[in-house]
Amino acid sequence: MDLTGLFDILAQSYSVRDWWPRRDDPFEVIVGAILIQRTTWANAARAIEALRDEGLLTSEAIHAADGSRLEPLIRPTGFYRAKAATLKGFCSMLTQDYEGELSVLLQLPLPAQRVVLLSNRGIGDETADAILVYAAGKPSFVVDAFTRRLLLRLGWIEGDESYVEIQRAFTEALPADANTFASYHALLVQHGQTHCRVRPRCVGCPTASLCDFVTVQRKDVQ
DNA sequence: AACCAGGAATGTA
DNA sequence: TACATTCATGGT
């Protein structure tokens, strides 16, 4: 079994059509990618709607807005001071370095675009890759906590691998296609949310036959 | 490399 | 009800 086989198993178990909301609006995807950090989508969605209601869902508006106006609107996502600063920082970069034209940034080649995204305080590897795949349509694989945990339980990694090392494994195993990467990540999150949490629900888990963790659990129970 | 930022939801006693 | 854990992380 390899990463391609894992994709097939997950694809048979979950449906991920239009998993990331509003993929047709790149700016909203980026705002969502920042706000979703370490929260649930329900909380991020509330914050996005609050921003929309206030007319703060454009880079110009966020750039011009006071941080103290942003913070209460995105409060339900947690880390609201840091996230408000991240949003403002990104939008400031857009107006200063790209004349407010997001499309120019999104058209940069993958490696250069990733460097630019990572230069923003508050945008790390995972958020940068989420923006690259879901907003820019670039084949940059998103490695999240669910993915790392699943690979660990499958016994395919030791646990001390870096983000980029795990990313390279997926990149080398798959065709360099943004839709493939996007679907795979969505499947991994779907699986993580239902079966591969910190507190696992192994009943009905489609990877149970491969998973060392499940085997250990069963031994413990019996 | 452990620790912190934080509200909201969910789990446990 | 009180208390603990976890979440589509990132920075120090």
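Inside the stretch A:121-136, residues that are within 14 Å of DNA strand B (Cβ to nearest atom) and either under 15 Å from A:Ser162 (Cβ atoms) or of a type outside the set (A, V, I, L, M, F, W, C) (or both) make up a count of 6.
Among the residues of the stretch A:15-39, not one is open to solvent by 40 Å² or more (accessible area, probe 1.4 Å), within 16 Å of DNA strand B (Cβ to nearest atom) and without any contact (Cβ under 8 Å) to a residue 24 or more places away in the chain. Can you name every residue in the stretch A:17-39 that is part of a loop (DSSP other than H, G, I, E, B), within 27 Å of A:Glu172 (Cβ to Cβ) and near DNA strand C (Cβ under 10 Å from one of its atoms)? A:Trp19, A:Trp20 - these are the residues of the stretch A:17-39 that are part of a loop (DSSP other than H, G, I, E, B), within 27 Å of A:Glu172 (Cβ to Cβ) and near DNA strand C (Cβ under 10 Å from one of its atoms).
Which is within 17 Å of the chain's Cα centre (by Cα), open to solvent by 50 Å² or more (accessible area, probe 1.4 Å) and within 13 Å of DNA strand C (Cβ to nearest atom), of A:Ala42, A:Ala82?
Values: A:Ala82 fails: within 17 Å of the chain's Cα centre (by Cα).
Sole residue among the options that is within 17 Å of the chain's Cα centre (by Cα), open to solvent by 50 Å² or more (accessible area, probe 1.4 Å) and within 13 Å of DNA strand C (Cβ to nearest atom): A:Ala42.
Would you be able to say whether some residue in the stretch A:214-221 is in contact (Cβ under 8 Å) with a residue 40 or more places away in the chain and assigned to a helix (DSSP H, G or I)? So far as the stretch A:214-221 goes, yes, one or more of its residues are in contact (Cβ under 8 Å) with a residue 40 or more places away in the chain and assigned to a helix (DSSP H, G or I). The residue pairs whose first member lies in the stretch A:95-108 and is open to solvent by 50 Å² or more (accessible area, probe 1.4 Å), whose second member is not in a loop (DSSP other than H, G, I, E, B), and whose beta carbons are closer than 6 Å, counting only pairs six or more residues apart or on different chains, are A:Val104/A:Tyr98. Screening A:Glu28 against (1) over 20 Å from A:Leu188 (Cα atoms); (2) among the acidic types (Asp, Glu); (3) out of contact with any Leu (no Cβ under 7 Å at 6 or more places or on another chain) leaves a single unmet condition, (3). Only residues that are within 16 Å of DNA strand B (Cβ to nearest atom), surrounded by 12 or more Cβ atoms within 10 Å (Cβ to Cβ) and not in a helix (DSSP H, G or I): list them for the stretch A:163-204, please. Passing the criteria: A:His195, A:Cys196, A:Arg197, A:Pro200, A:Cys202.
Please go through the stretch A:51-78 and pick out each residue that is in a loop (DSSP other than H, G, I, E, B), within 25 Å of A:Asp97 (Cβ to Cβ) and within 16 Å of DNA strand B (Cβ to nearest atom). Passing the criteria: only A:Ile74. Among the residues of the stretch A:58-74, the ones that are open to solvent by less than 50 Å² (accessible area, probe 1.4 Å) and either under 12 Å from A:Leu35 (Cα atoms) or not hydroxyl-bearing (Ser, Thr, Tyr) (or both) come to 7 in all. Among the listed residues A:Thr147, A:Thr77, A:Thr127, identify the single one that is of a type outside the set (A, V, I, L, M, F, W, C), open to solvent by 10 Å² or more (accessible area, probe 1.4 Å) and either under 20 Å from A:Thr39 (Cβ atoms) or touching a strand residue (DSSP E or B) at 6+ places or on another chain (Cβ under 7 Å) (or both). Checking each option against the conditions leaves just A:Thr127.
The values are calculated or read from the model by the stated rules, or taken from the named source; none is laboratory data. What you see is a predicted model, and the numbers here were worked out from it, not measured in a lab. Here the Cβ is made from the backbone with ideal geometry for all residues, glycine too, and neighbour counts use every protein chain on show. Ligands, DNA and RNA are stripped out before the accessible areas are found, and what is left, the full protein with its side chains, is counted by its heavy atoms. Shrake-Rupley method; radii C 1.70, N 1.55, O 1.52, S 1.80 Å.
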